[in-house]
Amino acid sequence: MHFLSFTWDPSSGINLGFFTLQYYSLMFVIAFISGWFIMKRIYKNDGESLEKLDSLFIYMVLAILLGARLGHVLFYQSELITQDPLSILLPFQTQPEFKFTGFRGLASHGAAIGVIIALFMYNKKVLKKPILWIFDRIVIPVSVGSILVRFGNFMNSEIVGNYTQSDFGVVFAANGENLPRHPAQLYEAAGYLLVFVLLWLVYWKTEKRHQRGYLFGLFLVIFWSIRFIVEYFKKSQGGFEDTLGVLSTGQWLSIPLIIAGIYFMFTSNKKQTT
């Protein structure tokens, strides 16, 4: 008897009659809206023009969606490049048969790369400040968005954890299973909540926000360390881990980001802002 487990089998989305709103898509919408309000408060606090915020919103939406999708294809499903290239950026598959799939298969590491590139472009064309200024601030709403996205994964019964081999866990009945798994999505979401709270407190309660790169570095270290740890509980998502061995693809991709975060934190005291 799995008295410490519960069965998870939600509907696929919210039926609006003419359209079914997927939970995952809803979480993305909430993430972008909440991110806009958080950055609005930060821009006001730092005396920055709110007119520049609308451009940032557009840059972030495109960067996250494109970066996350391309990252998934490159890191986890590269066979799509030759087998079904149309499915890379379109919400349907053409092989082995035509089927509407929605935009599924998004990688957080790809989103991170996309955001970095987009912020360089935004800063050069719109903001025109030291690049670490925007990096230090954007990580706060990114943390909130990450919480919501992982909750969306849970709602969709995707990116599940390994079997717990015990009574504890979640039975993802929507996947046709009857044994409990680790709710890895919720582990990760809880970790990202801690990241958000810490960054928020550091920004509002300390003077560290005046050290360019400190908040960004802190985010990289804690966020990707959480991702590294949670990978031990996740069902393998494939990628190049079979070639390198020892660690999962997600863990290998997290290591350089953690190292970069340590660098930014230790050098931030040399880059004081005004």
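The values are calculated or read from the model by the stated rules, or taken from the named source; none is laboratory data. No experiment lies behind these values; they were computed from the predicted model shown. Counting neighbours? That spans all protein chains shown, and the Cβs are built from the backbone with ideal geometry, glycine included. The area values use the complete protein model at the heavy-atom level, side chains included, leaving out ligands, DNA and RNA. Shrake-Rupley method; radii C 1.70, N 1.55, O 1.52, S 1.80 Å.
Tabulated data
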| item | result |
| --- | --- |
| Matching residues, segment 186-219, being among the polar types (S, T, N, Q) and open to solvent by 40 Å² or more (accessible area, probe 1.4 Å) | Thr206 |
| In segment 62-90, the residues that are open to solvent by less than 60 Å² (accessible area, probe 1.4 Å), part of a helix (DSSP H, G or I) and farther than 23 Å from Leu253 by Cβ | none |
| Candidate set from segment 91-115 (those that are hydrophobic (A, V, I, L, M, F, W, C) and open to solvent by 60 Å² or more (accessible area, probe 1.4 Å)); member that is modelled with the highest pLDDT | Ile113 |
| Helices (runs of 4 or more DSSP H) within segment 180-265 that include 2 or more residues more than 20 Å from the chain's Cα centre (by Cα) and modelled with pLDDT of 95 or more | 184-205 |
| Thr274 being out of contact with any Pro (no Cβ under 7 Å at 6 or more places or on another chain), within 19 Å of Ile42 (Cβ to Cβ) and modelled with pLDDT under 95 | yes |
| Residue list for segment 160-176, restricted to those being open to solvent by 40 Å² or more (accessible area, probe 1.4 Å) and not aromatic (Phe, Trp, Tyr) | Asn162, Gln165, Ser166, Asp167, Ala174, Asn175, Gly176 |
| Verdict on Phe28 being modelled with pLDDT of 75 or more, within 28 Å of Lys128 (Cβ to Cβ) and among the hydrophobic types (A, V, I, L, M, F, W, C) | no |
